[in-house]
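Report on the following structure.
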Amino acid sequence: MDAFAKSTLRVPVKLVDGRWEFFYGGAVPAREGTVGELVIDRQAIADRKFLELLNRKTEHKILDAGTALRVALTVRPDIALDEALKKHLLTSTSMNFSGEYLKTLRSNDTQFVEVTIGEPSPQQREKRPDDIGGIWLTVQGNQPKGIATSRVEVPDEVSDTPLDSVNHAFTRLSEKYEPWRKSHTGNIYDRVLYQEKNGRWYPLNVLRNAALARDEHELIRARWEEIAETLRMPLASNQMQLPGLADEGGE
């Protein structure tokens, strides 16, 4: 959360007569207005309804079908590439990157291929019969837990049918554009980007982490306001405050 200090400290506490005290006695030696996160055993929750709320998982659509994504690939100039594949490549100069993307060191050979969020898979259509597809954020209690995507449309030279997921699409793209790799798996949250309304491209980990979505993150902020209302969570007027997300290995 943005409200937390950059340098945190774990302070053991104990609930005494309805007040949190320092475990070894006395008041917690913190300044007035200090914000922290309480980590407790689930069995310590006395209100069953509150515990059920924290355990409940819900899904909320973040991006719609038809949304373009761009996949970062390391296209080495010393490796021959079919001309039909080359025509789909986009260079870094054609994109306006966010600070989140630029935080990670990138190869000078990085180029991009655009893909599109398509229709739901048969399993997703069975689960959401009226939905046309997209990307969904999974929330448990008030914490984001991961994202799920419908099928992904890629260039015909890569696959003439939509692929089952973003992970599947990345693997097939890597096989075509990064043949020198021994493994064609990768971190899709870092190497797949979506475009915000401000024109900048952000890695999917912004959606997955739902991190610090201020005014420039209009797409996810608008969705999170709906989620917050559903969960009856307070939302600051100038920022979306969410805890960090532990990757569950889902997509």
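Mind listing whichever residues of the range 133-163 are in contact with a Lys or Arg (Cβ under 6 Å, 6 or more places away or on another chain) and not hydrophobic (A, V, I, L, M, F, W, C)?
Gly134, Thr138, Gln140, Ser159, Pro162
Is it true that some residue in the range 16-31 is surrounded by 11 or more Cβ atoms within 10 Å (Cβ to Cβ) and charged (D, E, K, R)?
Scanning the range 16-31, I find at least one residue that is surrounded by 11 or more Cβ atoms within 10 Å (Cβ to Cβ) and charged (D, E, K, R), so the answer is yes.
Quick one: in the range 110-158, which of the residues that are at pLDDT below 90 and acidic (Asp, Glu) is nearest to Thr91 (Cα to Cα)?
My answer is Asp131.
Just to be sure before I move on: is Arg191 surrounded by 21 or more Cβ atoms within 10 Å (Cβ to Cβ) and modelled with pLDDT of 85 or more in the structure I sent?
Taking the combined requirement at face value, the residue satisfies it.
Among the listed residues Leu54, Leu63, Leu81, Leu73, identify the single one that is more than 23 Å from Asn198 (Cα to Cα) and in contact with a Gly (Cβ under 7 Å, 6 or more places away or on another chain).
Leu54
The values are calculated or read from the model by the stated rules, or taken from the named source; none is laboratory data. Just so you know, these numbers come straight off a predicted model, no measurement behind them. All Cβ positions, even for glycine, are placed from backbone atoms using ideal geometry, and neighbour counts span all protein chains on display.
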